[in-house]
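Trainee: This is the structure I want to talk about, given as structure tokens.
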Amino acid sequence: MLNRLAEHLALVVVTLWVGGMWAVGYLVAPVLFDMLSDRMLAGKVAGRLFDFVGWFGLGSAIYLMLFAAMKSGWAVFRSGLFWLLLFIIALIAAGQFGIQPLMAELKASAWPRDVMSTVMRDRFATWHGISSVLYLIQSLLGAVLVFSLRKALR
């Protein structure tokens, strides 16, 4: 009974996490920039949403790793699911603890002006591009994770 509950929770967690990642990154953020004339406000709201998705992703991935370890024991280290989760955690951590603080520092240095209208524009654009590529990789790996978890629970 407890095992089935943990499996159902794992499915809910991965659904919320990966679905949230796709919804925020590819639906909500583009709509914000399309509908709001204030690009700084759109960026601030999108940044908060990406931050939330990042922290939720870290928590979700840790739960899923613990779930896989409890289910498989030491064999978890031979599992592709474990290594996929570990790689996704590394990508999220790089964004949350490396790239996002750097981008926030660039924005703070430009304040009260928009960072895109300062000499830091190119540096910010480069880091934003790197962040976007990492997010795309996470999103694609998230889809792989959904199918991998489904297969592991059969």
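Trainee: Evaluate the Debye formula for the chain with equal point scatterers sitting on the alpha carbons, no solvent, and hand back log10 of I(q)/I(0) at q = 0.08, 0.14, 0.16 Å⁻¹, in q order, two decimals.
Mentor: At q = 0.08, 0.14, 0.16 Å⁻¹ the computed log10 ratios are -0.28, -0.72, -0.88.
Trainee: Between A69 and L102, what is the spin-label point distance in nm, taking each point 7 Å from the Cα along the Cα→C-beta axis?
Mentor: That separation, rounded to one decimal, is 3.0 nm.
Trainee: Could you pull out which residues in segment 72-106 have an amide N less than 11 Å from a spot 7 Å beyond the Cα of K151, following the Cα-Cβ vector?
Mentor: In segment 72-106, the label zone of K151 (backbone N under 11 Å from the point 7 Å along Cα→Cβ) covers 80-81.
Trainee: What FRET efficiency, computed as 1/(1 + (r/R0)^6) with R0 = 22 Å and r the Cβ-Cβ distance, is obtained for A93 and V45, rounded to the nearest 0.05?
Mentor: 0.40
Trainee: A further question on this structure: Show me 123-130, 46-53 ranked by packing, highest mean number of other Cβ atoms within 10 Å first.
Mentor: 46-53, 123-130
Trainee: With 10 angstrom as the radius, rank S60, S139 by how many other C-beta atoms surround their C-beta, starting from the fewest.
Mentor: Ranking S60, S139 by Cβ neighbours within 10 Å, fewest first, gives S139, S60.
Trainee: Just report the Cα centroid separation between segment 125-139 and segment 140-154, whole Å.
Mentor: 22
Trainee: Give, in nm to one decimal, the length gained when the segment between Y26 and L5 is fully stretched (0.36 nm per residue of separation minus the Cα-Cα distance).
Mentor: 4.5 nm
Trainee: Would you mind computing, in nm to one decimal, how far apart the modelled labels at S79 and A143 are, each placed 7 Å from Cα along Cα→Cβ?
Mentor: Output for this residue pair reads 2.4 nm.
Trainee: Okay, next question. Listing K71, K44, K151, K107 from the residue with the fewest other Cβ atoms within 10 Å to the one with the most, what is the order?
Mentor: K151, K44, K71, K107
Trainee: Determine which lysines satisfy two conditions relative to K151: a Cα distance under 21 Å, and not lying fewer than 8 residues away in the same chain.
Mentor: Straight-distance partners of K151: K71.
Bear in mind that the values in this text are calculations on the coordinates, not laboratory data. Just so it is clear, the model here is predicted, and its values are computed rather than measured. All Cβ positions, glycine included, derive from the backbone under ideal geometry; neighbour counts span all protein chains shown.
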